[in-house]
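Colleague: The structure under discussion is supplied below as structure tokens; questions concerning it will follow.
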Amino acid sequence: MAIEYRGSFPHFDIERIRTYPLSGRPSKVHLKDLAAPVLLAQGPALPRSESLSAVATAVLNARAEGKPVILFTGAHLVKNGFGPLVRDLVRRKLVTMVSMNAAGMIHDLELALVGATSEDVPAALPVGDFGFSEETGRLINE
């Protein structure tokens, strides 16, 4: 028994879906754009932030007591180049777990695979290319 589709959008032919190589896709973020923890530490002093100082103190206290520190984040942390900073916090055991949404995972995967991420959404949507890089879809779903 077939289920009748009653949606407001026309059916699409799944056979017409085409993927493209991730390495050939124009990307807005590249490895050279990522923040380096050493450069951040040597950079200009940032304005003092009481809330950031409170978080830093809480993290240090938690780790001194052997408690875990879990960083929950969205994709923009990775997409905007701060993945190396997160990696540094994990390596130094200041953060014990990182949890992020799927978009963050996608940006991280693409940076690892081809050194670039963040497709041009306004350009990709009208031509039906947004989110159709072959490697990203395949590896995320394996």
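The values are calculated or read from the model by the stated rules, or taken from the named source; none is laboratory data. Worth saying up front: this structure is predicted, and the values here are computed from it rather than measured. A quick note on method: Cβ atoms are made from the backbone with ideal geometry, for glycine too, and the neighbour counts reach across all protein chains shown.
Colleague: So, restricting to helices (runs of 4 or more DSSP H) that lie completely within the stretch 69-142, which ones have at least 3 residues that are under 22 Å from GLY24 (Cβ atoms)? Break it down stepwise before answering.
Modeller: Details: elements: 76-79, 83-91, 102-114, 121-124, 134-141.
Those helices (runs of 4 or more DSSP H) span 102-114, 121-124, 134-141.
Colleague: Filter the stretch 1-23 for residues that are without any contact (Cβ under 8 Å) to a residue 24 or more places away in the chain and surrounded by 10 or more Cβ atoms within 10 Å (Cβ to Cβ) and give the result. Give the derivation first.
Modeller: Applying the first criterion (without any contact (Cβ under 8 Å) to a residue 24 or more places away in the chain) to the stretch 1-23 yields 1-16.
Correct list: empty.
Colleague: Residue check, ASP88 against (1) touching a helix residue (DSSP H, G or I) at 6+ places or on another chain (Cβ under 7 Å); (2) without any contact (Cβ under 8 Å) to a residue 40 or more places away in the chain; (3) farther than 26 Å from GLU135 by Cβ, all met but one. Which one?
Modeller: Status for ASP88: all satisfied but (2).
Colleague: Another question about this same structure. Do we find a residue being touching a Pro at 6+ places or on another chain (Cβ under 7 Å) and modelled with pLDDT under 90 anywhere in the stretch 26-35?
Modeller: We begin by selecting, within the stretch 26-35, every residue touching a Pro at 6+ places or on another chain (Cβ under 7 Å); these are 34-35.
Cutting the leftovers down to modelled with pLDDT under 90 gives us 34-35.
Yes: one or more hits.
Colleague: Let me ask something else. Among the residues of the stretch 114-142, write down those that are more than 14 Å from THR19 (Cβ to Cβ) and either of a type outside the set (A, V, I, L, M) or touching a helix residue (DSSP H, G or I) at 6+ places or on another chain (Cβ under 8 Å) (or both).
Modeller: Step one: list which residues in the stretch 114-142 are more than 14 Å from THR19 (Cβ to Cβ), which gives 114-118, 120-123, 125-126, 142.
Answer for the stretch 114-142, where residues must be more than 14 Å from THR19 (Cβ to Cβ) and either of a type outside the set (A, V, I, L, M) or touching a helix residue (DSSP H, G or I) at 6+ places or on another chain (Cβ under 8 Å) (or both): VAL114, GLY115, ALA116, THR117, SER118, ASP120, PRO122, PRO126, GLU142.
Colleague: Still on this structure, please answer the following. Return a yes/no flag: does the stretch 66-82 have any residue that is touching a residue at least 40 places away in the same chain (Cβ under 8 Å), within 26 Å of GLU135 (Cα to Cα) and either of a type in the set (Gly, Ala, Ser) or loosely packed, with under 14 Cβ neighbours inside 10 Å (or both).
Modeller: Quick first cut of the stretch 66-82, residues touching a residue at least 40 places away in the same chain (Cβ under 8 Å) only: 79-82.
From what is left, the residues that are within 26 Å of GLU135 (Cα to Cα) are 79-82.
Subsequent filtering for residues that are either of a type in the set (Gly, Ala, Ser) or loosely packed, with under 14 Cβ neighbours inside 10 Å (or both) retains 81.
Yes, there is a match, as at least one residue in the stretch 66-82 is touching a residue at least 40 places away in the same chain (Cβ under 8 Å), within 26 Å of GLU135 (Cα to Cα) and either of a type in the set (Gly, Ala, Ser) or loosely packed, with under 14 Cβ neighbours inside 10 Å (or both).
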